[in-house]
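The values are calculated or read from the model by the stated rules, or taken from the named source; none is laboratory data. Just so we're clear, the structure is a prediction, and the values are computed from it rather than from any experiment. Note: ideal-geometry Cβ built from the backbone for every residue, glycine included; neighbour counts use all protein chains shown.
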Amino acid sequence: MVNKQKGGFGAHNMAGSDRVIRVILGVIFVALALLYGGLLYIILGVLGVVFILTSAVNSCPIYSALGISTKK
């Protein structure tokens, strides 16, 4: 079993509004990548997938590394 202590990696550190914004941006970025192609759009598409995945697990590794939490 994974230990999900406050502030550790894998800890839930995203507020609901943060998750909604990430999903919306993620879907837009993936759609742009699928529609237009090209290096910039592929990078945005990958970023979009990362946004969607971090929203799904309710945890941002960058937030954890920096000790940030938007969850109250």
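Within the range 14-51, restricting attention to residues that are of a type in the set (Gly, Ala, Ser), farther than 22 Å from residue 71 by Cα and surrounded by fewer than 16 Cβ atoms within 10 Å (Cβ to Cβ), which residue is modelled with the highest pLDDT? Checking each candidate, the answer is 31. Taken over the range 17-67, the residue count meeting the criterion of being of a type in the set (Ser, Thr, Tyr) and in contact with a Lys or Arg (Cβ under 7 Å, 6 or more places away or on another chain) is 2.
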